[in-house]
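Take a look at the structure set out below.
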Amino acid sequence: MSALTKVFVVLLVVLSLLLSAGMIVFVNHIEDHRAVADKVKIDLNAAKAENSALKGEAVTAHAQQQAAQVDLTNTVKSRDDTIAASQAAITQRDAEIAGYKST
């Protein structure tokens, strides 16, 4: 065997050892993609559940707001009716007073 062949064989062995060591270090330090994907799925499902809960709260709040608005409208209408009745009574009494003063 010539010296050049021996150098290439030794270089091949050294580079093979370095490649093996590098692969072992890489595999040991790389993240487990399946665990990361599972964690992301769990986080996504939790976010979806929270989103659904918040939508339900928003619908409930909207319904409560509409009910309060209807109640307020009814209260204002009843007070307007009371005021109108009072004004009609005042007008009738003013007419009676004017009739008494004219006689």
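Net charge dipole, the chain: roughly 380 debye, given to the nearest 20, about the Cα centre with Cβ charges of +1 for Lys and Arg and -1 for Asp and Glu. Distance between the pseudo-spin-label points of Val27 and Thr75 (7 Å out from Cα toward the beta carbon): 7.4 nm. Dividing the helix sum by the residues of the chain, where each DSSP H run of 4 or more adds -39500 (n - 2.57), gives a mean residue ellipticity at 222 nm of -35000 deg cm²/dmol. Using a probe of 1.4 Å on the protein chains alone, the accessible area found for Thr75 is around 50 Å². Between 0 and 90 degrees, the angle of helix 33-102 with respect to the longest Cα principal axis of the chain falls at about 10 degrees.
Farthest toward the dipole's positive end in the range 1-54, which of Asn51, Leu12, Ile30, given Cβ charges of +1 (Lys, Arg) and -1 (Asp, Glu) about the Cα centre? Towards the positive end, the residue furthest out is Leu12.
How much of the pair distance distribution for the chain lies past 18 Å, counting alpha-carbon pairs only, in percent? Looking at the chain, the distances longer than 18 Å represent 80 percent of pairs.
Bridgeable aspartates and glutamates around Lys6 (alpha carbons under 16 Å apart, same-chain partners fewer than 8 residues away excluded) are absent.
The values are calculated or read from the model by the stated rules, or taken from the named source; none is laboratory data. Quick caveat, the model's predicted, so the values are computed rather than measured. Quick reminder, even Gly has a Cβ in these numbers, built from the backbone with ideal geometry, and neighbours come from all protein chains shown. Calculation scope for accessible area: heavy atoms of the full protein, side chains included, ligands and nucleic acids excluded. Shrake-Rupley method; radii C 1.70, N 1.55, O 1.52, S 1.80 Å.
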